[in-house]
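Below: one structure, written as structure tokens.
The values are calculated or read from the model by the stated rules, or taken from the named source; none is laboratory data. All of these numbers come straight from a predicted model, not from anything done at the bench. When we count neighbours, we look across all protein chains shown, and the Cβ atoms used for this are built from the backbone with ideal geometry, even at glycine.
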Amino acid sequence: MKLGIIRCMQTEDYCPGTADFKTIREKKGVFEGVEEKITLVGFCNCGGCPGKKAVLRARKLVERGADTIAFASCIQKGTPIGYPCPFAKKMKELIETDLGDKVKLLDYTH
Ligand code: SF4
């Protein structure tokens, strides 16, 4: 799996992404059961509210080889402060519309 991660720009102040890297390394969370090697090709944020730039960033991740993009748990689960992104659904829809079957989307990481 060639993985790109998109995370919440607002959450960067609270989180260096450690749990995501550990989850990938240990193949836990959404990566449980993945047999193939997971290579992280990029780790970026959504570009800030309301997440419109996430489409451009997803495109760039795919250009750099990502076959899968995970939305970090800060987006849909709201970790670590319990504040899910109010634009998460729309952001995912826009990326799905733009990239279609070029990439698989995962709704969380851990
Ligand atoms: S659009 Fe959502 S994911 Fe992006 S910064 Fe705003 S709250 Fe965070």
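Data overview
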| item | result |
| --- | --- |
| Among the residues listed as LYS60, LYS52, the single one being under 19 Å from GLY100 (Cβ atoms), within 9 Å of the ligand (Cβ to nearest atom) and out of contact with any Phe, Trp or Tyr (no Cβ under 7 Å at 6 or more places or on another chain) | LYS52 |
| Check on ALA19, within 14 Å of the ligand (Cβ to nearest atom) and in contact (Cβ under 8 Å) with a residue 40 or more places away in the chain | no |
| Filter result (among the small types (Gly, Ala, Ser) and surrounded by 16 or more Cβ atoms within 10 Å (Cβ to Cβ)) within region 19-74 | ALA19, GLY29, GLY42, GLY47, GLY51, ALA54, ALA58, ALA66, ALA70, ALA72, SER73 |
| Pairs, first more than 15 Å from LEU105 (Cα to Cα) and modelled with pLDDT of 95 or more in region 42-68, second more than 10 Å from the ligand (Cβ to nearest atom) and β-branched (Val, Ile, Thr), C-beta under 7 Å, six or more apart | ARG64/VAL41 |
| Residues of region 1-16 satisfying the condition of being within 16 Å of the ligand (Cβ to nearest atom) and either crowded, with 16+ Cβ neighbours inside 10 Å or assigned to a helix (DSSP H, G or I) (or both) | GLY4, ILE5, ILE6, ARG7, CYS8, MET9, GLN10, THR11, GLU12, ASP13, CYS15 |
